[in-house]
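> Before we start, here is the structure in question, set down as structure tokens.
The values are calculated or read from the model by the stated rules, or taken from the named source; none is laboratory data. Everything quoted here is computed from the prediction, not taken from an experiment. Here the Cβ is made from the backbone with ideal geometry for all residues, glycine too, and neighbour counts use every protein chain on show. Accessible surface is based on the protein model in full, side chains and every heavy atom, while ligands, DNA and RNA are left aside. Shrake-Rupley method; radii C 1.70, N 1.55, O 1.52, S 1.80 Å.
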Amino acid sequence: MDAALLGLATIIIGVGGCLGYFYFSNQLLDKVLFPAKGEHAGRNINRANLIRPWIFLFPAIFALGLYLAYPVFATLWYSVTDRDQGGAFVGFANYSQMFDEPKFWEALRNNILWLIVVPAASTAFGLLAAQLTDRIKWGSIAKSMIFMPMAISFVGASVIFKLIYDTRPVDQNQIGVLNAVWLQFDGGAGSFLILRLVPICILLIFAMVAAYVGWSLMRPVIKPEGQKVSTLSIPLRIVAGLGAAFLIVQSVQSILGLGTASFPYGVPQTWLTIPFWNSFFLMIVLIWIQTGFAMVILSAALRGIPEETIEAAIVDGANPFQVFFKIKMPQIASTIVVVWTTITLVVLKVFDIVFAMTNGQWETQVLANYMYDKLFRANDWGVGSASAMVIMLLVSPILIWNVYNARKEMR
């Protein structure tokens, strides 16, 4: 059958099937099961109205159960069985094997690094872009350009950045933008300014921002001062504070490293094979994509701030930084948390970028790619399913936190 006709038939059957389901379910409910006539008409009407929502929700509940709930339980079962033994129950042997593999701990360590850097950087750049683009005449054009990467698939973005990081032999022209720029440095004043001073300043600013955010999150726990802190938020605040401390330590170490490092000028670098730093080169791809998402959401939140509060702060003598951090930031804090947690969920499931650019080599492995390797390359469904359960356990607290916040806002 022609593809167009097949698509048309699918739409007709799908839409017609939905309309038929709702029509005949109503008829069955109102005419057969609980007819609105006779001495029990009122009782039948009430019962029909109680059951009707569940009948309408049944297709969605069934689909969610089939495509979400069943895979979860099936994966849990596979994680405690052995395929080579005919699906025999082996308890926690797969988990024990997984915990004994260095690649798993490498993947877990990298995932934690991604969780700390990507949501923070994406949210910060998105907030900065939202604030600045709202203050210029051509802000809508700038927003469109910043949001454009969201229209590119993760694999497409990975291919673009793989070309940026491309390395050719010394005697050939470099098509990778990063190496083409790198080869322009020869150790002079420009090299000191761009390769040492500017990165050190950026790292200092990043460390100060991490310290400010970490202290802001931990202050209600350390010094309550009459502030009510929910019991559920205390562990998350502590984890965020530890993450901020980790970022500060990493920033200081990087500053010290930049001050003492000797750069191999004139030699093209294979950027994706440099341990530790290659993970950051991969993170840049996701930050580039997610910044547009953060900008759009946070821009809407900033526009929703009452002008009276900003004008009152300016009248009281507040400077632009005080207006932004003391007036605007607290009013959009809930939106920032939503953006942060949404990007965090994306990071926990990151797979495409790592798979397309390094395939987990050179110490860039992440949990989703580790799971793929076990399931589809090693055909080890036990360890692969166990790693999938680890990902689900990491995602679940964030989902619970989102649901909790949503219900809290509704109240």
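> LEU183 versus TYR21, label points 7 Å from Cα toward the beta carbon: distance in nm?
6.0
> Read through the labelled values [x] 1.01; [y] 1.25; [z] 1.31 and report the label of the one computed as Cα Rg over 2.2 N^0.38 Å from the structure.
So the structure-derived entry is [y].
> Something else about it: Could you tell me whether region 1-106 comes out rounded, prolate or oblate from its Cα gyration tensor? Rule is a ≥ b ≥ c as square roots of the eigenvalues, rounded for a/c under 1.5, then prolate if a/b exceeds b/c, otherwise oblate.
It comes out oblate by the Cα gyration axes.
> What does the charge add up to near ASN379, with Lys and Arg as +1, Asp and Glu as -1, over the other residues with Cβ less than 10 Å from its Cβ?
+1
> Follow-up. Report the label-to-label distance for PHE321 and TYR404 in nanometres (one decimal), using points 7 Å from each Cα along the Cα→Cβ vector.
Roughly 3.4 nm, to one decimal.
> In nanometres, what is the gap between the two model label sites at LEU68 and TRP105, each 7 Å from Cα along Cα-to-Cβ?
In this crude label model, LEU68 to TRP105 measures out at 3.6 nm.
> Provide the FRET efficiency to the nearest 0.05 for the PHE192-TRP138 pair, computing r from the beta carbons and using R0 = 30 Å.
The value I calculate is 0.30.
> Let me ask another. Stretch ILE314-VAL267 to full length: gain in nm at 0.36 nm per residue minus the Cα-Cα span?
Once the chain is fully extended between ILE314 and VAL267, it gains 11.6 nm.
> Work through the residues other than LEU128 whose Cβ is under 13 Å from its Cβ and net out their charges, Lys, Arg +1 and Asp, Glu -1.
The answer is +2.
> Of VAL395, GLN253, ASN405, which is farthest along the charge dipole of the chain in the positive direction, counting Lys and Arg as +1 and Asp and Glu as -1 at C-beta?
ASN405
> Let me ask something else. Helix 333-348 against the longest principal axis of the chain: what's the angle in degrees, Cα atoms only, rounded to the nearest 10?
The angle comes out near 90 degrees.
> Could I ask something else about it? Assign unit charges at the C-beta atoms only (+1 for Lys and Arg, -1 for Asp and Glu), then state the dipole size of the chain relative to its Cα centre in Debye, rounded to the nearest 20.
1120
> Multiply the residue gap between ARG83 and ILE238 by 0.36 nm, knock off their C-alpha separation, and tell me the result in nm, one decimal place.
51.7 nm is the gain from fully extending ARG83 to ILE238.
> Through the Karplus equation 6.51 cos²θ - 1.76 cosθ + 1.60, θ set to phi - 60°, convert the phi angles of region 254-265 into ³J(HN,Hα) values in whole Hz; use x for Gly and Pro.
5, 4, 5, x, 5, x, 10, 6, 10, 8, x, 5
> Let me ask something else about it. Which value at 222 nm does the chain reach when only helices count, each DSSP H run of 4 or more adding -39,500 (n - 2.57), with the total divided by all residues and rounded to the nearest 500 deg cm²/dmol?
Calculated mean residue ellipticity at 222 nm is -22000 deg cm²/dmol.
> Putting +1 on Lys and Arg Cβ atoms and -1 on Asp and Glu Cβ atoms, find which of GLY176, PHE24, PHE154 reaches farthest to the positive end of the dipole of the chain.
Projecting each Cα onto the dipole axis, the largest value belongs to PHE24.
> Lys/Arg Cβ at +1, Asp/Glu Cβ at -1, dipole of the chain taken about the Cα centre: which of ILE238, PHE62, SER262 is farthest positive-ward?
Farthest along the dipole direction, towards plus: PHE62.
> Also, quick follow-up: Please sort 389-398, 109-118 by packing, taking for each peptide the average over its residues of neighbouring beta carbons within 10 angstrom, highest first.
Ranking, from highest mean packing down: 109-118, 389-398.
> For ILE141, what is the net charge nearby, where nearby means another residue's Cβ is under 15 Å from its Cβ and Lys, Arg count +1, Asp, Glu -1?
Local charge sum for ILE141: +2.
> Please arrange LYS328, LYS37, LYS103 by accessible surface area, largest first, computed with a 1.4 Å probe and ligands excluded.
These residues rank, largest area first, as LYS37, LYS103, LYS328.
> Name the lysines eligible as straight-distance cross-link partners of LYS349: C-alpha to C-alpha under 24 Å, and not fewer than 8 places from it in the same chain.
LYS103, LYS162, LYS374
> May I ask you to evaluate 6.51 cos²θ - 1.76 cosθ + 1.60, the Karplus curve with θ = phi - 60°, for each residue of region 196-203 and list the ³J(HN,Hα) values in order in whole Hz, giving x for glycine and proline?
3J(HN,Hα) across region 196-203, in whole Hz: 10, 5, 4, x, 5, 5, 4, 5.
> Taking the Cβ-Cβ separation of PHE351 and LYS31 as r and a Förster radius of 35 Å, what is the calculated FRET efficiency to the nearest 0.05?
0.10
> Let me ask another. Taking 0.36 nm per intervening residue step and subtracting the Cα-Cα distance, what contour gain separates VAL159 from VAL221 on full extension?
Net length gain for the segment: 17.9 nm.
> Any chance you could check the Cα centroid distance between region 247-285 and region 359-411 for me, in angstrom?
Spelled out, the Cα-based centre of one part sits 27 Å from the other.
> Using a 1.4 angstrom probe with every protein chain in place, what is the largest-first accessible-area order of TYR23, TYR212, TYR370?
If we order TYR23, TYR212, TYR370 from most to least accessible, we get TYR23, TYR212, TYR370.
> Pairs of alpha-carbon atoms within less than 8 angstrom and 6+ residues apart define the contacts here; what relative contact order does region 1-157 have, in percent?
7
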